[in-house]
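Beneath this line is the structure, given in structure tokens, with notes to follow.
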Amino acid sequence: MKKIGRTIKRRRKEGKTDYKARMGFLKSGKARLVIRKTNKHVIVQLVESDVAKDKVIKSVSSKKLISLGWPKENVGSLKSIGACYLTGLVFAKEVGNKEAIADFGLHRSAHSGRLYAVLKGAIEGGMKIKCNEKFLPNESRINANEKIKKAIEKVKGELK
């Protein structure tokens, strides 16, 4: 008799969903801070799950930094570590002090990388997110060069 195997779900086969991690997020009952990287930008969303559906509460892209004073000549660096940090900070200022769980999806999470820079910005902005401090980038990594440092100071001034 031939043994019938388990069918692999379509989104798992396509490499889009990690169902084990998703189940952990759903069991926690907390909102998720979803961080996604594109080729040019970073997108941060606050997502709440209800039964089997996700609802996006708030979304901010690094494109918003341009309207807050990010220099026009640095538009190509909207996915840099400094821009990621500011995107997380802007997001946290708009959302307030909510509690959330970080969700990087299937992106690789390099310590002190862009995803953790967004996380650091969100934590410093007032959100309550559990994270080990040693994974977050330090100030010298965020303010990598003088142009980015000036841009960060300019945008932080606009936020206050």
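Tabulated values for the structure
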item: Close pairs (8 angstrom Cβ cut-off, 6 or more residues apart or separate chains): under 12 Å from MET127 (Cβ atoms) and among the basic types (Lys, Arg) in region 31-49, modelled with pLDDT of 95 or more and part of a loop (DSSP other than H, G, I, E, B) anywhere; result: none
item: Residues (assigned to a helix (DSSP H, G or I) and not charged (D, E, K, R)) located in region 99-122; result: LEU115, TYR116, ALA117, VAL118, LEU119, GLY121, ALA122
item: Any hit, region 86-94, residues being without any contact (Cβ under 8 Å) to a residue 60 or more places away in the chain and among the β-branched types (Val, Ile, Thr); result: yes
item: Some residue of region 68-77 being out of contact with any helix residue (DSSP H, G or I) (no Cβ under 6 Å at 6 or more places or on another chain), within 17 Å of ILE129 (Cα to Cα) and either among the acidic types (Asp, Glu) or at pLDDT below 90 (or both); result: no
item: Residues (of a type outside the set (D, E, K, R) and surrounded by 11 or more Cβ atoms within 10 Å (Cβ to Cβ)) located in region 147-160; result: ILE148, ALA151, ILE152, VAL155, LEU159
item: Region 117-140 residues that are in contact (Cβ under 8 Å) with a residue 12 or more places away in the chain, paired with ones that are surrounded by 20 or more Cβ atoms within 10 Å (Cβ to Cβ) and of a type in the set (Lys, Arg) (beta carbon under 6 Å, 6 or more apart); result: LEU136/LYS120
item: Residues located in region 125-146, provided they are surrounded by 14 or more Cβ atoms within 10 Å (Cβ to Cβ) and in a helix (DSSP H, G or I); result: PHE135, ARG141, ILE142
item: Conditions (1) part of a loop (DSSP other than H, G, I, E, B); (2) closer than 16 Å to LEU159 by Cα: number failed by LEU65; result: (1)
item: Qualifying residue in region 51-61 (condition: hydroxyl-bearing (Ser, Thr, Tyr) and more than 20 Å from GLY96 (Cβ to Cβ)); result: no
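The values are calculated or read from the model by the stated rules, or taken from the named source; none is laboratory data. Everything numeric here is computed off the predicted structure, so don't read it as measured data. Positions of Cβ are generated from backbone atoms using ideal geometry, with glycine treated the same way; all protein chains shown enter the neighbour counts.
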